[in-house]
1. Return yes or no: is GLU77 within 29 Å of PHE195 (Cβ to Cβ), in contact (Cβ under 8 Å) with a residue 24 or more places away in the chain and out of contact with any Pro (no Cβ under 8 Å at 6 or more places or on another chain)?
2. Given ALA92, ALA80, which one is under 18 Å from the mean Cα position of the chain (by Cα), part of a loop (DSSP other than H, G, I, E, B) and closer than 25 Å to PHE218 by Cβ?
3. Which residues, counting only those in the range 95-116, are in contact with a helix residue (DSSP H, G or I) (Cβ under 6 Å, 6 or more places away or on another chain) and not in a loop (DSSP other than H, G, I, E, B)?
4. Report, by residue number, each residue of the range 106-142 that is touching a residue at least 40 places away in the same chain (Cβ under 8 Å) and open to solvent by 30 Å² or more (accessible area, probe 1.4 Å).
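The values are calculated or read from the model by the stated rules, or taken from the named source; none is laboratory data. Remember, it's a predicted structure, so these values are computed and weren't measured experimentally. FYI the Cβ positions are ideal-geometry reconstructions off the backbone, even for glycines, and counts take in every protein chain you see. To get the accessible areas, we keep the full protein, side chains included, count just its heavy atoms, and leave off ligands, DNA and RNA. Shrake-Rupley method; radii C 1.70, N 1.55, O 1.52, S 1.80 Å.
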Amino acid sequence: MSVSTIDPSEIAKFEAMAAEWWDPHGKFKPLHMLNPCRLDYITGQIAAEFDRDLAGPSPFAGLRVLDIGCGGGLLSEPMARLGADVVGADAAERNIPVARLHAEQEGLEIDYRHTTAEDMAAAGEQFDVVLNMEVVEHVADLLAYLTACQRLLKPGGLMICSTLNRNPKSYVMAIIGAEYVMRWLPKGTHDWSKFITPDELYGLLRNAGLEPVDRKGFVFNKLTWGWSLSERDMSVNYVTASVKRSQW
């Protein structure tokens, strides 16, 4: 095994919730609500970077996509439906049979693995796209983890990375609001000290050998009870796109 950046206490949290991944009203309700907005951003960035027509059949055919921290497959399945060759990887072992069973029920072929970014990089795996969504706030060594993700990208590859900003508003919204008031997440799901500002993440991405090219906010509208992308408001949830310009 290579040196690991996983935090065992963080893995244990998601192991305990594994059976609920596909319950839109369960403990992963926030991700089900956010997923359409995440997918809009992801598909748009992939289409632009690889010159793909989202209106055509199987627009991501020929692209190898890694969904790291795949959980139950909420992002892996849409990528497979768009024609990509998808690997879903998760350090929480109990997530993998849940993801495999659901993909089988949906008639989708997805390569789900209980593994880490470091071990896949050490094995020489490479991908056109790495989806790194809501993971970085749970790892033990962020730069080492992002460097492993960079190694997993082919030259010219694209990584989409989303996480939570660190400021008083994110503490109120993501922890007090989501975990204590709305009870969308079990208490203790997030550690505010592990949240990272967009500028900090940009710096780490560059240090890991990636070139940040875009960032947007995910904003929750209490009136429409839905999520949308924002050019300016990255105060709580946000997403970045970065590319690997050359071989490192």
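1. The answer is yes for GLU77.
2. The unique qualifying residue is ALA92.
3. Selection gives ASN95, VAL98, TYR112, HIS114.
4. Matches in the range 106-142: ASP119, ALA122, GLU125, GLN126, GLU134, ALA140, ASP141, LEU142.
Conditions tested, residue by residue: (1) at pLDDT 95 or above; (2) open to solvent by less than 70 Å² (accessible area, probe 1.4 Å).
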position	(1), (2)
GLU15	no, yes
TRP21	no, yes
HIS25	no, no
THR43	yes, yes
ASP53	yes, no
